[in-house]
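The values are calculated or read from the model by the stated rules, or taken from the named source; none is laboratory data. What you are looking at is a predicted structure, and each value in this text was computed from that prediction instead of being measured. Cβ sites come from the backbone with ideal geometry, for glycine too, and all protein chains shown count toward neighbours.
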Amino acid sequence: MMKLKVKCSVPEGEIIYIKVNDEVKELYSFESFTVFNLDEKKQYVLEVERRPDKSNRSLINLLIFVVTIIIQGLFNALLMNVDTDWFNQITPYGMKAKIIIDLNEDTEVNLVYVSSKYNKNKCIKPKLNTDVGKITSINYIINKADFKNQYFNYVKRLLSVYSLVLALFNFLLIVAMKNNILYAALFMIFIMVILLLGLIITFIRQHRKLSNILKNFNL
């Protein structure tokens with residue numbers, strides 16, 4: 001029996017699937033190698049895949065967001081995590097590649113995977129390099145769900161910070177009303193309305209940006 005050890009540089013937050021024969025294993029940034037036990041000395045096809053993401057707008061994810069919205073708002077406010085360049089977080093493409101390897105003894109394969117990026121209105125396809133074997137094919141798959149996923153992540157960040165600010169102003173409003181400070185109460189209401197309008201305008205602008213990006217991809 002021979003061992004085929006596969007190591008891969010996996011970008012943080014992504015999963016790389018490795019397949020030999022009918023055995024599929026997953027590699028992560030924190031666990032970036034695996035071993036296949038193979039019986040025969042022969043030529044093997046090593047399949048490397050970065051699968052498209054699934055939608056993050058499931059009911060469970062929405063419920064978790066609603067329950068933890070204030071906590072998320074606190075962290076996002078402290079970290080200033082409300083960057084409007086959310087589209088730079090998009091991973092436009094997945095990938096599926098095949099590598100032919102002649103296996104005659106225990107072998108270690110080192111893969112270098114460079115993630116797909118969206119930068120300056122351009123989509124950069126992922127790259128794969130290997131130090132053993134020959135890459136015979138690479139197919140790029142549009143990672144359709146991630147376009148809306150990243151916009152939704154941005155919306156959640158902004159909403160969480162707004163909810164935190166809203167909770168603070170509501171507290172101050174209650175204090176003002178209990179102390180019969182009418183002008184202070186009206187001021188709090190005015191600020192909350194202005195912030196809400198600003199939030200809505202920001203969402204509309206960013207959604208237009210999402211629509212333009214999707215239009216360029218014909219999605």
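For Met188, indicate whether it is more than 29 Å from the chain's Cα centre (by Cα), buried (at least 16 other Cβ atoms within 10 Å of the Cβ) and either charged (D, E, K, R) or in the same structural domain as Met80 (by TED's automatic domain parsing) (or both). Full working, then the answer.
On the way: more than 29 Å from the chain's Cα centre (by Cα): yes; buried (at least 16 other Cβ atoms within 10 Å of the Cβ): yes; either charged (D, E, K, R) or in the same structural domain as Met80 (by TED's automatic domain parsing) (or both): yes.
Yes.
Among what's in the range 1-28 and is loosely packed, with under 14 Cβ neighbours inside 10 Å and among the charged types (D, E, K, R), pick the residue that is farthest from Lys117 (Cα to Cα).
For the range 1-28, the residue satisfying everything is Lys3.
Using the structure shown, decide if Leu46 is without any contact (Cβ under 8 Å) to a residue 40 or more places away in the chain and crowded, with 16+ Cβ neighbours inside 10 Å.
Numbers: without any contact (Cβ under 8 Å) to a residue 40 or more places away in the chain: no; crowded, with 16+ Cβ neighbours inside 10 Å: yes.
No, not satisfied.
So which of Lys209, Lys215, Lys134 is farther than 27 Å from Phe87 by Cα and of a type in the set (Lys, Arg)?
Values: Lys209 fails: farther than 27 Å from Phe87 by Cα; Lys215 fails: farther than 27 Å from Phe87 by Cα.
When all the criteria are applied, what remains is Lys134.
Please determine whether any residue of the range 108-123 is more than 16 Å from the chain's Cα centre (by Cα), exposed (fewer than 12 other Cβ atoms within 10 Å of the Cβ) and β-branched (Val, Ile, Thr). Step through it out loud before you land on a result.
Residues of the range 108-123 that are more than 16 Å from the chain's Cα centre (by Cα), as a first pass: 108-113, 120-122.
Now drop any that are not exposed (fewer than 12 other Cβ atoms within 10 Å of the Cβ), which leaves 120-122.
Keeping just the survivors that are β-branched (Val, Ile, Thr) gives none.
No, there is no match, as no residue in the range 108-123 is more than 16 Å from the chain's Cα centre (by Cα), exposed (fewer than 12 other Cβ atoms within 10 Å of the Cβ) and β-branched (Val, Ile, Thr).
Tell me which residues, restricted to the range 52-80, are surrounded by 15 or more Cβ atoms within 10 Å (Cβ to Cβ) and either charged (D, E, K, R) or touching a Lys or Arg at 6+ places or on another chain (Cβ under 6 Å) (or both).
Asp53, Phe65, Asn76
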